[in-house]
1. With bins 5 Å wide starting at 0, give me the P(r) of region 4-146 over every alpha carbon pair, in whole percents.
2. With axes computed from alpha carbons, what is the tilt in degrees of helix 55-82 against the longest principal axis of the chain, rounded to the nearest 10 within 0 to 90?
3. Less than 19 Å apart at the alpha-carbon level, and either on another chain or at least 8 residues along: which lysines does that give for LYS3?
4. Name the residues whose placed amide hydrogens come within less than 5 Å of the amide hydrogen of LEU144, ignoring near sequence neighbours (fewer than 5 apart) on the same chain.
5. Say each of LEU14 and ARG60 gets a label point 7 Å from the Cα, pointing the same way as Cα to Cβ; how far apart are those two points in nm?
6. From the backbone phi of region 99-113, what are the Karplus-calculated ³J(HN,Hα) couplings (6.51 cos²θ - 1.76 cosθ + 1.60, θ = phi - 60°) in whole Hz, Gly and Pro given as x?
7. Rounded to the nearest 20 Debye, what is the dipole magnitude of the chain about its Cα centre when Lys and Arg each give +1 and Asp and Glu each give -1 at the C-beta?
8. Any idea how far apart LYS3 and SER52 come out in nm if each label point goes 7 Å out from Cα toward Cβ?
Amino acid sequence: MYKRILVPTDGSPLSKKAVRSAVDLAASLGAELVALNVVPRYPTAFFEGAISLSPEDVRRVEKQWAERGQALAGNVEAMAKKAGVKARAITISSDLVAESVLAAARKHKCDLVVMASHGRKGLRRLLLGSETQHVLTHGQVPVLVLR
């Protein structure tokens, strides 16, 4: 049925639930797993909420974030391999999480995305947006949403 499953993770408890489900699903289907963490860029404009840092400090912070992101994705890869699932960990540096998920799904030829949704409603959803909703409405592959 599905041959390659993409699972974005941010390390949150809800994301960990999606990861466990994706690993179990991949194991039961004999599918590969691609674990993704999207690493934000350091905000550089005052209006983005940035504290003025030197370019060297910005690079250092972004490197720390990238290492954390790779560790998160690497933990998923290790969990999958322990379950007998072929897996790889990737990170993408971007402020556009949903677009990065969609791009990774295309690039790695994933035929299913498994991701979590916080289930926000009303004003909170309007203000915070929904990366999952964006992936659902703009993607070309099926999306399994867990809450």
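1. 2, 10, 18, 21, 19, 13, 9, 5, 2, 0
2. Tilt of helix 55-82: around 10 degrees.
3. Result set, ordered by chain and number: LYS81, LYS82, LYS86, LYS107, LYS109.
4. VAL113, VAL114, MET115
5. 3.4 nm
6. Working through the residues one at a time gives 5, 5, 4, 5, 5, 5, 4, 5, 4, 9, 6, 7, 10, 7, 10 Hz.
7. On the way: 22 positive and 13 negative charges, 102 e Å.
Using Cβ point charges on Lys, Arg, Asp and Glu, the chain gives about 480 debye.
8. 5.4 nm
Computed from the coordinates by the stated procedures, all read-outs in this text should not be read as laboratory data. Not measured: the values here are computed from a predicted model. FYI the Cβ positions are ideal-geometry reconstructions off the backbone, even for glycines, and counts take in every protein chain you see.
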